[in-house]
Each structure stands twice: as structure tokens, then as C-alpha cells.
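J.: Take a look at the following structure, please.
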Amino acid sequence: MLRYIYGDDLHHFPRLRDTMFRDRADQFKNRLGWDVHVNEAGEERDEYDDINPLYVIWQKADGSHGGSMRFLPTTGDTMVNDHFSHLTDGVRIESPFIWECTRFCLAPGADRRVTAALTLAAGEIMEEFQLKHFVGVFDPRMERIYSLMGLVPDVLGRVGEGRDTIGVGLWEMREEIFAPTLARAGIDRAISKRWFHDAFDHRHWDDMRAIA
């Protein structure tokens, strides 16, 4: 199932939390060779995990992490503005209608159903919070994954060549993408909506509406 969890609430889901950060270390440090910090517990975390982001997590039947993404409003601190503004000619991407999506991670053995479910969740966030776009940094591998889901980025800037290419792009989840994404994920839209609305109590909903 899909979980929508704020950073401050991750402690309520210790198995899901711990396996997510360990899977991030395995993917970004071990498999992709990114220059990221892994702590003594074998977890990959950064400073943006400390500012209460919204996580979308696919939870497997055993309660562990199957895949995840991290979202932050661009009206606050973001990786794109803090570390990749050279790809946007120094222009800050900052709007209440644009959120940053980072740390797309799949657990070992995850299939395309998980990728589709995470794509679906991003669409639900965009629709429910009345967003226009997500912004994110991508490499060729991620660009291929997004394209398979029908999400072709509006590229704001690129640097590098081949596998070392890094870009910044904007994405939107158009209505016509929902049906094929639901089919790939094997999820009914009513179930998707229920997972979303069950995740937010009135306090969280009001807080996020204020941000958006």
C-alpha cells in the first residue's frame, strides 16, 4: 500500500523508516556510487530529511520499504535551489505551486508496479494540493523511468555527457496519465484516494493547505 508520512511522524513506522533509509544507502551509495553520507546504522540521510518533508512510501506486506520519494515545497529549502542553481542560470525555482521531488528509491527486487504506484502518489499530491509542477534533479536513468510512465520533463538545464549527465526539470501529472498508471500499478482510483485521505488528519491537511 501507499503511505504518505511527514518526517516528524516517521517514528510511528520504525520498520518502514529504517528500511527506507537503508535502501537509500544501498541504491545511491552502493549501486549508483553517489557522493552521499551513510551513517553508522547504514542509512542514507541528508539535511533535507531534517526539515519535515512529506514522504511517499510503498509499504510491502511485511511492513518494510518497497519504494519511496521525498517532497518539499520550493518556498523553503530545496536541493535544486541550494545545490543545482547553476543548471537554471542562477534562477531560483520558487512557487507555492511547485514542489521538489527527490530521493526516488526502489528497494532491491522492486518491480514496475512499485514505480507506477509512486507515480500515482505524485499525481494525487499534485491534484489534492493543487500544484502545477514538481521540480527535480535527474540523471539519464531517472529520465528513462519517468518517460516510461509518460512523464517527460520540461528540461530547465543540463550539464555533462552520457551517464554523467545531470539535469533539472519540471514535471506535471496530466489527467490522461492516471488511467494507464493505475493499470500498471494494479490499483483502483478509489483505493488510491482512500490511501491519500486516510493519511492526513485535519491538522496536517490545514498545515499543507497553508503551505500550498
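The values are calculated or read from the model by the stated rules, or taken from the named source; none is laboratory data. Model, not experiment: these values are computed from the prediction. Cβ sites come from the backbone with ideal geometry, for glycine too, and all protein chains shown count toward neighbours. Please note that ligands, DNA and RNA were not included when accessible areas were found on the heavy atoms of the full protein model with its side chains. Shrake-Rupley method; radii C 1.70, N 1.55, O 1.52, S 1.80 Å.
J.: Among the residues in the range 167-181, are any surrounded by 11 or more Cβ atoms within 10 Å (Cβ to Cβ), in contact (Cβ under 8 Å) with a residue 12 or more places away in the chain and farther than 22 Å from K132 by Cα?
T.: no
J.: Can you tell me which residue in the range 148-172 is modelled with the lowest pLDDT, limited to those that are touching a Lys or Arg at 6+ places or on another chain (Cβ under 9 Å), among the aliphatic types (A, V, I, L, M) and closer than 21 Å to D35 by Cα?
T.: Ranking the candidates gives I166 first.
J.: For the condition open to solvent by 30 Å² or more (accessible area, probe 1.4 Å) and aromatic (F, W, Y), what is the one hit in F84, F104?
T.: When all the criteria are applied, what remains is F84.
J.: Considering only the range 92-115, state which residues are touching a Gly at 6+ places or on another chain (Cβ under 8 Å), under 19 Å from R184 (Cβ atoms) and of a type in the set (D, E, K, R).
T.: If the condition is that a residue be touching a Gly at 6+ places or on another chain (Cβ under 8 Å), under 19 Å from R184 (Cβ atoms) and of a type in the set (D, E, K, R), then R113 is the only one that fits.
J.: With the requirement that a residue be touching a Lys or Arg at 6+ places or on another chain (Cβ under 8 Å) and part of a loop (DSSP other than H, G, I, E, B), what does the range 173-195 give you?
T.: Hit for the range 173-195 is G186, nothing else.
J.: Can you name every residue in the range 131-147 that is closer than 9 Å to W99 by Cβ and over 12 Å from the mean Cα position of the chain (by Cα)?
T.: Correct list: L131, H133.
J.: Still on this structure: Of the residues that sit in the range 173-206 and are touching a strand residue (DSSP E or B) at 6+ places or on another chain (Cβ under 9 Å) and at pLDDT below 90, which one is nearest to A121 (Cα to Cα)?
T.: Per the criteria, the residue is M173.
J.: Return the only residue of P14, P73 being modelled with pLDDT of 95 or more, under 14 Å from the mean Cα position of the chain (by Cα) and more than 23 Å from P140 (Cβ to Cβ). Lay out the reasoning, then the answer.
T.: Working: P14 fails: under 14 Å from the mean Cα position of the chain (by Cα).
Criteria check complete, one pass: P73.
J.: Could I ask something else about it? Go through the range 34-56 and give me each residue that's open to solvent by 30 Å² or more (accessible area, probe 1.4 Å), out of contact with any helix residue (DSSP H, G or I) (no Cβ under 7 Å at 6 or more places or on another chain) and in contact (Cβ under 8 Å) with a residue 40 or more places away in the chain.
T.: Result: D50, I51.
J.: Which residue out of R31, R15 is open to solvent by 30 Å² or more (accessible area, probe 1.4 Å), touching a Ser or Thr at 6+ places or on another chain (Cβ under 8 Å) and basic (K, R)? Quick ask: steps written out before the conclusion?
T.: Working: R31 fails: touching a Ser or Thr at 6+ places or on another chain (Cβ under 8 Å).
Unique residue meeting the criteria: R15.
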